[in-house]
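Every number here is computed from the coordinates shown, using simple stated rules; none is lab data. Only a predicted model underlies this, so the values are computations on that prediction, with no experimental measurement involved. When we count neighbours, we look across all protein chains shown, and the Cβ atoms used for this are built from the backbone with ideal geometry, even at glycine.
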Amino acid sequence: MKSQFRAVSMVALTIAAAPMAGCSSGPSGPPVAPVTASRTPDNMSPGDTAPLDQYVIGSGDTLSVFVYRNADLSEGGVAVRPDGRISVPLIEDIMAAGKTPTQLAREIEERLKKYIHDPNVTVIVRSFVGPFDRQIRVIGEATEPAAIPYRDHMTLLDVMIATKGLTKYAAGNRAEVVRRDADGKQVAFRVRLSDLIKEGDISQNIEMQPGDTLIIPQSWF
């Protein structure tokens, strides 16, 4: 009887241990997403999309294009035309808007390879406006409504400083920020500008995103 009981017990333990063995191949917890290499300015290709923390050239910007050891191919002040293109020696027309300076430099290098051996190009932004889809637009009762180039970690207070604050007719606490979500839909949320500016309520000093629109309505009285 004892031997039979031991045999039954061993079978039961084997069955119970089987699913546990299948689970012991790795640590418990949520699955870890695979890590993908991010593209920095040094390993970007011309067609890559620039991350938000990298400046993107826009129409109205002024650039310097420096070609190493080729002063006759360098240009100190190249304006980005309304169509987003620039012209430099040996390259009559090249799209600049929507690219980072590094992306544009690599593309110019590819174009120059037909004329010089192993070109080394640097693009420097001298004055900037930025592309339309990365500007912060302020409309309504700001002292100086404007479209402002987005800067990394720009806050609502930065925007108000750039537009010289509120007019005396502004209903600051009814202001709204209109933003596109991850699905491309427009969403609006309230910000209390008067509390931020007059009362120092730092909780209202939200971080802005490229393409945001700040709408400041007029007071009802």
query: Hey, got a sec? Which trypsin sites (Lys or Arg not before Pro) in the range 110-144 land in a DSSP loop and have at most 11 other Cβ atoms within 10 Å?
result: LYS113, LYS114
message: Quick check: pseudo-label points 7 Å beyond the Cα along Cα→Cβ at HIS153 and ARG69, how many nm apart are they?
response: 4.0 nm
query: Just for the Cα atoms in the range 84-221, what are the lengths along the principal axes, largest first, rounded to whole Å?
result: 68, 31, 23
statement: Along principal axes, largest first, the alpha-carbon spread of the range 116-191 in whole Å comes out as 62, 32, 18
message: Taking θ = phi - 60°, what integer Hz values does the Karplus form 6.51 cos²θ - 1.76 cosθ + 1.60 yield along the range 104-115, in sequence order, with x for Gly and Pro?
response: 5, 4, 5, 5, 4, 4, 4, 5, 6, 4, 6, 10
